[in-house]
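Just so it is clear, none of the values below were taken in a lab; they were calculated from the coordinates. The structure displayed is predicted, hence computed values, not measured ones. Ideal geometry is used to build each Cβ from the backbone, glycine not excepted, and the neighbour counts take in all protein chains shown.
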Amino acid sequence: MLPTFTTDRLILRERTMIDLESCLLMDRDPEVVQYIDGPWNDTEKHRNFVIGRILHRYPDGLGYWTIVDKKNRQFLGWILLIPVDFTGPKIEIGWRLVRNSWGKGYATEAAETILLHAINTVGIRKIFADIHPENIGSMKVAKKLGFLNKGLIKNEDETFYRYIYER
């Protein structure tokens, strides 16, 4: 079980099956998933993909948190802290928010909280954030948090900037 965190504006709680429909709805917005490969256009595969992520057992202190607006309890998205490619040993952080919550600092507020958890509670010293070259918003969040751009990575399937936070 993941700890719940409260910030000035947000509640970050473990993502559960209660969040399934909100996650699916968020992913149906083409602008939200424009920089992320996934089964967004196949209803059954998409549902199974999200269910698999929700039910997966991550190492202690790692997983997905649902981001909820503290004031009105509205679903805003999620943030993850998981082993890269589910295998590790590298640990990645990532976030996805509903479009109407963009530009309000929620991603930075949530990610800062999870970054502090990763460092101070889990003891992680190096955290990765792989970001699509056109995803300016996520690059800004990573920079605000102190991540350094280590350059463009190209592999068979994708191209991304690798950001790294080292303590």
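Which residues does the label zone of Ile18 cover in segment 48-65, counting backbone N under 16 Å from a point 7 Å along Cα→Cβ?
54-55, 64-65
Could you sort 74-82, 16-24, 31-39 so that the peptide with the highest average Cβ count within 10 Å comes first and the rest follow in order?
Those peptides, ordered most packed to least, come out 74-82, 16-24, 31-39.
Please compute the modelled spin-label separation between Leu55 and Glu158, points set 7 Å along Cα→Cβ, answer in nm with one decimal.
Result: 2.4 nm between the two label points.
What is segment 90-141 by shape, rounded, prolate or oblate, if you read a ≥ b ≥ c off the alpha carbon gyration tensor as root eigenvalues and call it rounded for a/c under 1.5, prolate for a/b larger than b/c, and oblate otherwise?
It is oblate, given that a/c is not under 1.5 and a/b is not larger than b/c.
Just going by the charge dipole of the chain, with Lys and Arg at +1 and Asp and Glu at -1 on Cβ, which of Asn100, Pro3, Pro39 is farthest out on the positive end?
It is Pro3, whose Cα lies furthest towards the positive end.
Hey, quick one: spin label on Asn135, modelled 7 Å out along Cα-Cβ, who in segment 81-103 has an amide N within reach, i.e. under 12 Å?
Backbone N within reach: 93-97.
If all Cα-Cα distances of segment 19-90 are sorted into 10 Å bins from 0 onward, what percent lands in each bin, rounded to whole numbers?
Bin by bin from 0 Å, the calculated values are 17, 47, 32, 4.
Under unit Cβ charges (Lys, Arg +1; Asp, Glu -1), what dipole magnitude, rounded to 20 debye, does segment 5-166 have relative to its Cα centre?
That gives segment 5-166 a dipole magnitude of about 540 debye.
Most mobile of Ala118, Ala110, Ala142 per a Gaussian network model of the chain (Cα springs, under 10 Å)?
Ala118
Is it possible to state the helix-based mean residue ellipticity at 222 nm for the chain, with each DSSP H run of 4+ residues giving -39500 (n - 2.57), the sum divided by total residues, to the nearest 500 deg cm²/dmol? What is it?
One gets -7500 deg cm²/dmol as the mean residue ellipticity at 222 nm.
Could you tell me which of rounded, prolate or oblate describes segment 47-167, using a ≥ b ≥ c as the square roots of the eigenvalues of the alpha-carbon gyration tensor, with rounded for a/c under 1.5 and, failing that, prolate when a/b is larger than b/c and oblate otherwise?
It is rounded, given that a/c, with a ≥ b ≥ c, falls under 1.5.
Length gain on complete extension for the stretch Lys104 to Glu31, per 0.36 nm per residue less the alpha carbon to alpha carbon distance?
Going from the current span to full extension adds 24.6 nm.
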